[in-house]
Each structure stands twice: as C-alpha cells, then as structure tokens.
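What follows is calculated from the coordinates using simple rules that are stated; it is not laboratory data. If you're wondering where the values come from, they're calculated on a predicted model, not measured in any experiment. FYI the Cβ positions are ideal-geometry reconstructions off the backbone, even for glycines, and counts take in every protein chain you see.
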C-alpha cells in the first residue's frame, strides 16, 4: 500500500502578518507527504540542490517518507519567496529561483514503477508526463498544476489531462483553463478534457467535487488560526489521495470521506508556518477534528 | 404564526450576461416575502410611490403577503439599477433613485405590533430602530444592513445591534463592520456588539453561522444556473426566518435546518430574473432540493 508523489521540495521564505520565516522546508511534494504519510507509505520524487540542509533530509526520513527518488544535483535548491496580506487568501510571489528544478528529469526505481497510486503535484507538465509514462500500472492518478503552466504549456497540460483520473485545481486555475466563471460549468468543461473526477479548491471557502455520477461540496473547516496558508492545497491533496490509497475502494462514499480528510488536514496546515503543524500531525488529530467538522456541517 | 418584515419594495432594472429587465418588482422586503411566505404569514412594511404598478400590488396579494402596512406616498417608488458581469458575484450599481424612501416612517397596525418574529431588512438603521421600538413583544429579531450604513451611520447601526438577536451580513459587510479579515474573528467581534447569532453570507460560497454555543458552515447549493443573483441574500433571510417562525423552537437543530432552507431558497432565486422563480416556488420544491442538498454535503 503505497503512493508516489512527484513534485517540488523547496526552501520557502514566507512573510505573513504573523511573522517571517526564511528557507523553511516546503514545496508541493513535501506538503503532500506530511498528510499522505498518515495513511500510506509515501514515495517522494523530487530534486534538490547542493545547498539543501541535511537536517531536512533527516526530518523527512524520520517522518517515514521514502526518499529513494529524491535526487540531489549540482546547483541550488528551488526557492520560493512569498507574502500574504489581508485575508491571507492570496500569495504574492516576491521571488522564485528555479535552480536545479529547471533541469529535473524524474528517475524512479523498478519497484516504484509498480506503485498504483500516483500524484503529480505541480511541476512542468512535461516532467509530469515523463514520470507517468514510466509507471507500469496506474490505478488512480491525480494531477495538480498552476496558472503558469495553464498559460505557457496549455497544449502539454491538455494532453496530460487525458491520462489522469483526478484533476485538482484551485478556483482561479479552473476558471482560467476552462474559460468558465461558474464553477460547476468550469468543472463540467474540465471533465470533458479527460479526468473523470474534478476537484476545485476554493481556499477558505472549501471544495467542490464534480464527476458524471455526483457532485459534492463542503466548506473549509472554520478556523480563526490562519498563520501561513502555504501548502494548504498540497496538504489537502495529500490527505485526499492518502485516504483513497488506504481505503482502496474508489466510490462516492470513499471520495467524500477523502475530501473531508483532506479538508481537515489542510486546516491544520494553515495553523503554523511551513510544515510546523503538519509534521506533528497524527491520525488521531485528524479523526478528532473530522468528527467536529461533521457536527459543523450536518443539518 | 406571523412574521413582520421591514424593508424596501423597489422597481429593479437589472442587466446580466443573460439579458436586461426593466422595472421588475424587487426590493429586500419583496424578495424576503417570496421565501418566508412558504412557512408563515408575512406582514410587509414598506413604502411605494404613485408610479408603483397596480399589477405588482395584485401579485403580492395573490402570493398571500399582507400589505396593510405597505404605504403609498406622493412621489416616486425607490428604484435600483445594477449590472452583473463575469462570475455574477458582485453587483455594479448603475443608478439609485430613493424617491419616497427618503421620507419613510413605518407605521404598523396595533395587531401587527404584537407579532413576535421580526426581520429588519436593509434600510436606514434609524428607520429600523423606529419600527423595532413600536413592537410590543419581540421574540426573535433579525437585522440586515449594507456597507452604506456601516460607513455613514455606524453609531446608529451599533446601537441597534444591541437590540437584535440575529445579525445577517455578507462577508464584505462583516469585514467592514468588524475590521477583521478572518470571518470567524469577524463573527466573534460582531457577536460582541450584541446579537447572539451572527450569519455571514458568502454568496456562491455559502454561509457561516456563529454563536457562543456553536459554529455552523454550509456551502451554497451548487448550481450552474445563475441568471440574476439580485435578492438572493434577502431570499435566504426569508427562508431562514420563515422556517424559524414556523418551527417556533430556536435551538441548534432548528437553526441549522433554517440555514439549509434559506440556502436552498436562495438557489432558486438566482435561477431567473427578479422574483420570476421564487414567485412560483412551493414548499415541495424546497423540500426536494433540500434532500438533494443533504446528499451533496454529507460525508
């Protein structure tokens, strides 16, 4: 029972109204792993540079993340610097340094090629396709992307979407790729591009799920402790995909529960900088908040 | 079993990507009445001018709305003209003509003064206070306002908030009045102003309810049929207050159900221009969509 996640491992510098943190461990694959690890073995596929702190490698290993395919190359680690203001809903990117990420070609072991649960977190769609082509028996493939690729590699992204089961997008990305403003219309359009399941993340407003068989919508877990939202979407995806990997069954009930787990995991992520909160997260924490969440949304 | 609603009866001119309609029957009290009437007798307190079409009076009467306190004065009816673009979430006000509204002093009958369920829809807080002072035995008082009063009559609004049970605001208003960006913090702050129940409407993103005892959050009913959102918030309030008036009990279960009814009523309102859809709405329609809504949010 394993999942493989392709994405970034980064050094994040983040400023929010609650302070500034420099060169924290971050990146889509790292955030994904912190929640997915609660349900399943997480195989991380990413690249780091020579400047990557050894303590972060130790940390990921201690968390049980399988690092066989975390490649170290000559050059500098991918760095992102951002700031959140006001309602903390939107990040303002101050600086991006791609470093070794610009020449990333994922390599996975023969054993890892047999993993059936795959998540392609946000990197260049050509890199995502490259990994997917090497996988022997994909059973459930999720994909995340971002506005940059939607605008600069639309063709590659659309070709890739035909080969995935779940497209995870935030509301802006869903609108940008579909050209539809109404999110149900946007989801229906994205469904026509290939993925049989569409998950639209709306930040503090929760998630909408769309498939031919059913629609599902839940609010975010209401919290007033939003310190740093960086990686909330990846943490959501990790909880969602992690639970489905554990549950094995992919049906309406398991999908809804996976979305609830993902939402609750994301609500922990925003409560502290970087991975501070999710690195301490237990399945018990998740379960406890999930049952509170149920009470908050049932009528 | 009755409710009294103070608000506007207006002639609305609305342009959306789906067309333009001129001088439709609108206003906060009219939209409120269309959903509240499904649960209880609605006593409407508002003012109209000499130009108000007789057919609209007939229409309201046929819908069972009690018009004893709908005053006709010399002058012109309140008119609002607005346009919606893009995702139809925000109205751009093109023109407002107050007409007789600027000299409105509500007058209600002795019988109406005994009504226990009261909703003060969006008008000048001094007018809202004027009505409330004449009511003999308020049991549940709801209040809606708008950014204009928050900025221009903040003192009067804050004094009034001490006397109401439920403050219904959209997210912008909640943030403007509280000075908080996080909506849970905003709700807690608004609670400290007096009302023991805070309802924050987030348009297509649903509703957050806050009280000392519990928090509740539900998404909007997912729909791709958004033709004209004018009055959705008032339709929500009508369903919410209407159900509570019918239920008589005010507890966590009835409040959650009232919020669900309000949400579903609002989802019908946006499906056509003005009151076109809600004027045909039945309790059966509401019940049917409510049970679909349940399936969409349960996990």
When all Cα-Cα pair distances of the range B:2-297 are considered, the percent exceeding 34 Å is 12 percent
With the label set 7 Å along Cα→Cβ, residue A:126 is separated from its counterparts in the other copies, in nm and shortest first, by 6.8
Per the C-alpha gyration tensor (a ≥ b ≥ c, the square roots of its eigenvalues), the protein assembly as shown is rounded if a/c is under 1.5, else prolate if a/b beats b/c, else oblate; here it's prolate
Rounded to whole angstrom, the alpha-carbon centroid of the range B:59-109 lies from that of the range B:239-299 at a distance of 23 Å
Distance in nm between residue B:163 and residue A:89 label points, each 7 Å along Cα→Cβ, equals 3.4 nm
Diffusion coefficient in µm²/s returned for the range A:155-299 by Stokes-Einstein, Kirkwood Rh over C-alpha pairs, 10 °C and 1.306 mPa s, is 102 µm²/s
Ordering B:175-182, B:82-89 by per-residue average of other C-beta atoms within 10 angstrom, highest first, gives B:175-182, B:82-89
Taking a crude spin-label model, label points 7 Å out from Cα along the C-beta direction, the residue A:224 to residue B:151 distance in nm is 2.7 nm
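Per the Kirkwood definition applied to all pairs of different Cα atoms, how many angstroms is the hydrodynamic radius of the range B:176-227? Let's see the in-between values first.
Values: mean 1/r = 0.0842 Å⁻¹.
It works out to 11.9 Å.
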If labels are modelled 7 Å from Cα along the Cβ direction, residue A:214 lies from its partners in the other copies at nm distances, smallest first, of 2.3
Looking along the axis that carries chain A onto chain B, the residue of A whose Cβ comes nearest, with distance in whole Å, is A:205, 2
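With the contact rule set at Cα under 8 Å and sequence spacing of 6 or more, what percent relative contact order holds for chain B? Write out the running numbers ahead of the final one.
Details: 653 pairs, mean separation 54.6, N = 299.
It rounds to 18 percent for chain B.
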Copies of residue A:249 compared via label points 7 Å along Cα→Cβ give distances in nm, shortest first, of 3.3
If R0 = 45 Å, then residue A:20 and residue B:105, at their Cβ-Cβ distance, give a FRET efficiency to the nearest 0.05 of 0.20
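Averaged across A:290-296, how many Cβ atoms of other chains sit within 10 Å of each residue's Cβ atom? Can you show the working numbers first?
Values: counts 1, 0, 1, 2, 2, 5, 8.
Across A:290-296, the average partner-chain Cβ count within 10 Å equals 3.
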Inter-part gap, Cα centre of the range B:191-230 to Cα centre of the range A:163-206, in whole angstrom, is 24 Å
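So for the range A:84-139, what percent of the C-alpha to C-alpha distances run longer than 18 Å? All intermediate terms of the calculation are to be shown ahead of the outcome.
Values: 783 of 1540 pairs.
Above the 18 Å cut-off, the range A:84-139 has 51 percent of its Cα pairs.
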Between residue A:257 and residue B:74, Cβ-based FRET efficiency (R0 45 Å, step 0.05) works out to 0.10
If the chain between residue B:139 and residue B:291 were fully extended at 0.36 nm per residue, the gain over the current Cα-Cα distance would be 51.8 nm
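Rounded, prolate or oblate for the range A:29-151? Axes are the square roots of the Cα gyration tensor eigenvalues, ordered a ≥ b ≥ c, and the cut-off for rounded is a/c under 1.5.
On the way: a/c = 1.44, a/b = 1.31, b/c = 1.10.
Taking the square roots of the gyration eigenvalues as a ≥ b ≥ c, the range A:29-151 is rounded.
If we sort A:105-117, A:256-268 on the protection proxy, mean other Cβ atoms within 10 Å, highest first, what's the order? Can you show the working numbers first?
Values: A:105-117: 15.6, A:256-268: 25.2.
Going by the mean number of other Cβ atoms within 10 Å, highest first, we get A:256-268, A:105-117.
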Expressed as a whole number, the average count of other chain Cβ atoms within 10 Å around the Cβ atoms of A:83-89 is 2
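Mind checking B:211-223 for the average number of partner chain beta-carbons within 10 Å of each residue's beta-carbon? Don't skip to the answer; put the middle values down first.
Details: counts 0, 0, 0, 2, 7, 7, 10, 8, 11, 4, 2, 10, 5.
Partner-chain Cβ atoms within 10 Å, mean over residues of B:211-223: 5.
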Once normalised by the length of the range A:103-168, the mean sequence separation of its alpha carbon contacts under 8 Å that are 6 or more apart gives a contact order in percent of 34 percent
